[in-house]
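Report on the following structure.
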Amino acid sequence: MILIKNLGLYILCGTIWTAWFEMYTIKELPPPYNQDWTNRERIYHITTWPVSLVVFIYSFIKEVMKQNKK
């Protein structure tokens, strides 16, 4: 039962992260990168959300630091 709860929580977090990330990329990226995602991309990000979250945070901080140096 604990495994099912943990798996459900993992998928829920992944779904929330993926929904926000897709919305962010569609709104913020320039064409042609601001396209709707395919289901394959959604499933990938739902299942590997910790990796994409860490990469996003790292890149975001790196970009902010670069802009602050200017």
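The values are calculated or read from the model by the stated rules, or taken from the named source; none is laboratory data. A quick note: this is a predicted structure, and the numbers were derived from the prediction, not measured. Neighbour counts are summed over all protein chains in view; Cβ atoms, including those assigned to glycine, are modelled from backbone coordinates with ideal geometry. Note: areas computed on protein heavy atoms with side chains; ligands, DNA, RNA excluded. Shrake-Rupley method; radii C 1.70, N 1.55, O 1.52, S 1.80 Å.
Per residue, the accessible area of the range 1-61 comes to 81 Å², computed with a 1.4 Å probe over protein heavy atoms only. Work out the FRET efficiency for VAL54 and GLU22 from their Cβ-Cβ distance, taking R0 = 22 Å, and round it to the nearest 0.05. Approximately 0.80, to the nearest 0.05. Between the Cα long axis of helix 2-28 and the first principal axis of the chain there is an angle of about 30°, rounded to the nearest 10.
Helix 49-69 and the longest principal axis of the Cα set of the chain meet at an angle near 20°.
Heavy-atom accessible surface of TYR58, to the nearest 10 Å², is about 140 Å², with a 1.4 Å probe and all protein chains retained. Element breakdown for the chain at a 1.4 angstrom probe: carbon and sulfur atoms account for 70% of the accessible area. With label points built 7 Å along Cα→Cβ from the Cα atoms of LEU3 and GLN35, find their separation and express it in nm. Taking the two extended label points, one gets 3.9 nm. Where only DSSP H runs of four or more residues are counted, the chain gives -28000 deg cm²/dmol as its mean residue ellipticity at 222 nm, each run worth -39500 (n - 2.57). Using a ≥ b ≥ c from the Cα gyration tensor of the chain (square roots of the eigenvalues), is it rounded, prolate or oblate, where a/c under 1.5 gives rounded and otherwise the larger of a/b and b/c decides, a/b for prolate? Oblate shape, in that a/c is at least 1.5 and b/c is the bigger or equal ratio.
Of VAL64, VAL54, the residue with the largest accessible area leads and the full order is VAL54, VAL64 (1.4 Å probe).
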